[in-house]
Structures are given as structure tokens and as C-alpha cells.
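Scroll down for the structure; my scribbles are underneath it.
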Amino acid sequence: MLTQPGATREATVFYGFTSFLQNIDAISQTLTSQEVVQYVRANRGQRATPESRTLHELFTEAKDFATEADLQPQIELCQQVLKPIVMLLRLADSDRPSASKIQYHKFEVQEKLKALTVPEPAPWAEGEYDWDEMLQEIVAIHRYRWDYGYTIVQGTGYLLDPEFVDMDQHQDEETMDAFTRFVEKTYPLPTTFAQGYIPTEDEKSAYDAARTKALGNRAAAETQLLEYKLKRGVFSRETVWENAKLISAADFWYLYGSGVKQLQLVGMRSTAQVA
């Protein structure tokens, strides 16, 4: 294979391969042209530095590579693997609020990778590579990157992004756990008194009131999720979902979340984050 999965920057390799394929005929013609061959013969012993290879050695390697019979299908297979990953990377590189889109697109990448099939005939010698083994390696690398890059912002944003409202996120334990944890961070409990400190009655009352309020806000945010997912109240209007296609997820919650105040804050915070 031309590149090892996960061994280098995927976007750089992808765009390099794309450029190479666009110019492969011109490159092959140039490397086999009489003028180039004559120049190499006349300067075959030249070196860029005393330690580098000769011009003839470099030319021979480049010509053999560019004129290899199965080069194009190898590159096309690499592009097939890299394209969905590069699309995800471009999304993550954006300075626009996109954290709520990441989890879905990571899942899409994983499914596309799993569905890859080796072209026929295979762009390598029979028995040289085990395709199933390579594919498992690629998927494992993607899953590892998914796991270490995952945040509760991504999970909560995905749950509350109107683009994905009709998906069954409630069946995904990871997403729902992210949501409850984000709700807890949005409505934190008051700090407990230091060990050994004896609070006054007013301090106790203030602490109890703050704790009760935080717990109430948490419970409200979690139950209000049903209003959103089941499209009740303001979320039952068709115009709401038509407008959701035209505005950002954070603006959606700013505009339509006033009827579910506690969830509105969670929605605005989670969907307004960049990746």
C-alpha cells in the first residue's frame, strides 16, 4: 500500500493523491520524454548533496513509480478510505459552531469505512495484503481517535441539534450519559462547607435553597427533553423545523427554547461550541 492508515496527516495525503491523479498522464509523459531522458543521461552522476542519491537513481525511482501498472487503482483505493475522514477533518477545522455535528459524522465515517470493498482485481499482488485485516486496522484507528477526542459537548450537541431531532439518540447510552453530565455541569450543586466548619442557620438555608434549585433545574432540563424529541408545544409547529434548516442550532434554541427554559440553556451552550 502507498500509505499506512493513521501514519500521517490524512488531508495532506488525500489532496496530494488527488493532484497526482489529475496530472498522472502528464507526469508519465514527462518522465518518459526524450528530452528528460537525455538530460538524466548527461547528468546521471549529479547529487544535491554528497550524501544524497544520484539524479539517475532518483529519476529511475520516480519513473518506475509513475508508470507502475497498478498505481492508479492503489491511489483510488487510498482516496476511497481517506475521503470521509478528510470531510470530517474539514468540519472540525472550521471556526463555526460545529461540535454538535461531530458525533454523527464520526459515526458516518465509521460506517463508510466498514462498508469499503477492495476493487477487483486487487491493486496488489495476490497474497501480498490481507484486506480484511487492513480494514479492521483502519476502523480500529478511527475508533481510537473517536474515543480519545469525544467530549460530552459533542454528545449533548448531537442530541440537541435540530438537524438530528428524528434520530433515536435515546437508545444510545453514550449520548444520553453525555447529556445528563452536561446538564449537571450547566446546573452545578453548591459547594459544600469545608470539613470542620460550622455554618450559620442563614448559610444552611442558603445552601439548601441553592441545592434545591440546582436539582430542580436538572430535573426540568431532563424532562423537557421529551417536549423537544416528541415535538410537543412550540416544537409541534412545522414552521419551526423548516426554519431550523436555515439557522444554526444555537440560534434555534435561542429563538424557540423559551418554553423549555432549563433545556434552552443546555441547548444553546452545547450547540454553540466549535469542534
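The values are calculated or read from the model by the stated rules, or taken from the named source; none is laboratory data. Everything numeric in this text was worked out from a predicted model, so none of it was measured. A quick note on method: Cβ atoms are made from the backbone with ideal geometry, for glycine too, and the neighbour counts reach across all protein chains shown.
May I ask you to list the residues in segment 220-240 that are of a type in the set (A, V, I, L, M) and either more than 29 Å from the chain's Cα centre (by Cα) or in a helix (DSSP H, G or I) (or both)?
Hits for segment 220-240 are Ala220, Ala221, Leu225, Leu226, Val234, Val240.
When you go through Thr212, Thr223 one by one, which is the residue that is closer than 19 Å to Trp253 by Cα, loosely packed, with under 13 Cβ neighbours inside 10 Å and modelled with pLDDT of 95 or more? Break it down stepwise before answering.
On the way: Thr212 fails: closer than 19 Å to Trp253 by Cα.
Testing whether each residue is closer than 19 Å to Trp253 by Cα, loosely packed, with under 13 Cβ neighbours inside 10 Å and modelled with pLDDT of 95 or more leaves just Thr223.
Within segment 203-253, the residues that satisfy the criterion of being among the hydroxyl-bearing types (Ser, Thr, Tyr) and out of contact with any helix residue (DSSP H, G or I) (no Cβ under 6 Å at 6 or more places or on another chain) are Ser205, Tyr207, Thr212, Thr223, Ser236, Thr239, Ser248.
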